[in-house]
Structures are given as C-alpha cells and as structure tokens.
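The values are calculated or read from the model by the stated rules, or taken from the named source; none is laboratory data. Owing to the predicted nature of the structure, the values given are computational and were not obtained by experimental measurement. Note: ideal-geometry Cβ built from the backbone for every residue, glycine included; neighbour counts use all protein chains shown. Side chains included, ligands, DNA and RNA excluded: accessible areas come from the protein's heavy atoms. Shrake-Rupley method; radii C 1.70, N 1.55, O 1.52, S 1.80 Å.
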Amino acid sequence: MWIDKALTFFVPKDKKFFALFAKASANVVEISKALTEFVNTHSPEKRQELMKKIYDLEHVGDEITHEILIELSTNFITPFDREDIHYLATSLDDVADFIYGAAKRIQLYRLEEMTEPIRKLAEIIEKSANEINVAIYDLRSMDNIVRIKEACVRVNSLENHADDVFHTAIGDLFEREADAKRIIMYQDILATLETATDKCEDVANVIETILVKNS
C-alpha cells in the first residue's frame, strides 16, 4: 500500500500541467479577441464592457499562472524541465498582462480615434494567440511536432510583421503629428501592443526549447 502511494507521488502529473497550460493559452485567445473588438468598436458603452472583460480575463490568467507555479512547487517530477514550465507559464501570463496594459492605456488616455496601426497590431496579437493555442494543444502528446514547429514559426513571422507595423507607425507619427502629447500617447500605446507580440514570441521560443529537449 505504502509503495503504491510512494510511486504515485513520483509520477509526473502531466494531465494537470497540460490542462493548466491549455486553460492559459485559451485565456490568451479570449483576451486577444476582446482586444480586437475593443479597438474596432465605435461604441463607448461597448468599449467599457470589453474593458471589463479584458480586466477579468487578465485576472483569470494570473490565477492560472499561480496554479501552475503551485503545482510546480509541489511535484517532484514534471513532464519537462522545471525552468521551462516556469518560463512558459510566466510568458503566457505576460501576453495577457500587456494586452490588458494596452487596453488600459487606451482607456486612461480617453483615446477615441483608433489608428490603423493600433488595429493591425491587435489583429497580429490575436493571430499569434491562436497559433500559440495550437502549439500548446499539440504539446500534450508530442504526436505532431511538425505542426507545433510550424505554429511557432508563424508566431515568429507575425512578431517580425508587428515590428514593421510599429516602426512605420512611429515614423509616420513623428512626421505628421505636431502635438507632443498625442505623440507620447500614441507611442506608448503602440509600444505596449508591440511588446505583447514580443511576449507571444517568447512563448513560441520556450515551446521550441521544450521540443528540442524532449524530441
């Protein structure tokens, strides 16, 4: 009896970790969708409703990250390296944090005019979130390594596109805008959105690291 209990302690709780990562990535998809809606709506009431949804989803992400870290601290054996589990959890959380940060800045600045680069960056974030979700879903079984790699490559490509959108937008902003306050405001929002794409790339990078170590 005691041997069975001891063996149970040493068996990796793969299902628990992967279920939590699936929840975290699904949450990132939901918050990215809410951001896309947020920057595309013209209704102040709808935007307020979406801001509340983004706020709630960011807190859901925090709770899932906390659950993963608790599991990490209480399990002796894990499905892959402990530092990779930690980095994957915190990187997913960072994506949600920067999505919330961008929406919050838009709200605080009382921004009414959503520029095309803002909408484009939100779209890139949502596409990246969907690719991450695909990769993490397949990470559970490692049965489709090619599809995981392809999803990660697409995230990297999307991040490069986001860099181009960001740099072009900043160049246009300084060329066409004379109001220093508006320059600061738009630059801050654009930078936060672009950082969210960087965080998506961080997730893809740690997934690729996991593949290298476990394939």
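Numbers at a glance
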quantity	calculated
Selection count, the range 72-93, where residues are outside any loop (DSSP other than H, G, I, E, B), in contact (Cβ under 8 Å) with a residue 12 or more places away in the chain and open to solvent by 30 Å² or more (accessible area, probe 1.4 Å)	3
Residue within the range 141-153 that is closer than 18 Å to Leu88 by Cα and assigned to a loop (DSSP other than H, G, I, E, B) present	yes
The range 94-115 - residue that is β-branched (Val, Ile, Thr) and crowded, with 17+ Cβ neighbours inside 10 Å and, of those, farthest from Leu20 (Cα to Cα)	Ile106
Any hit, the range 196-207, residues being crowded, with 21+ Cβ neighbours inside 10 Å and more than 20 Å from Asp84 (Cβ to Cβ)	yes
Residue match in the range 131-143 (condition: modelled with pLDDT of 95 or more and farther than 15 Å from Val28 by Cβ)	no
Residue within the range 129-152 that is open to solvent by 80 Å² or more (accessible area, probe 1.4 Å) and closer than 26 Å to His42 by Cα present	no
Residues satisfying the stated conditions in the range 165-181, i.e. touching a helix residue (DSSP H, G or I) at 6+ places or on another chain (Cβ under 8 Å) and either hydrophobic (A, V, I, L, M, F, W, C) or open to solvent by 70 Å² or more (accessible area, probe 1.4 Å) (or both)	Val165, Phe166, Thr168, Ala169, Ile170, Leu173, Phe174
Residues being surrounded by fewer than 18 Cβ atoms within 10 Å (Cβ to Cβ) and β-branched (Val, Ile, Thr) - total across the range 37-67	2
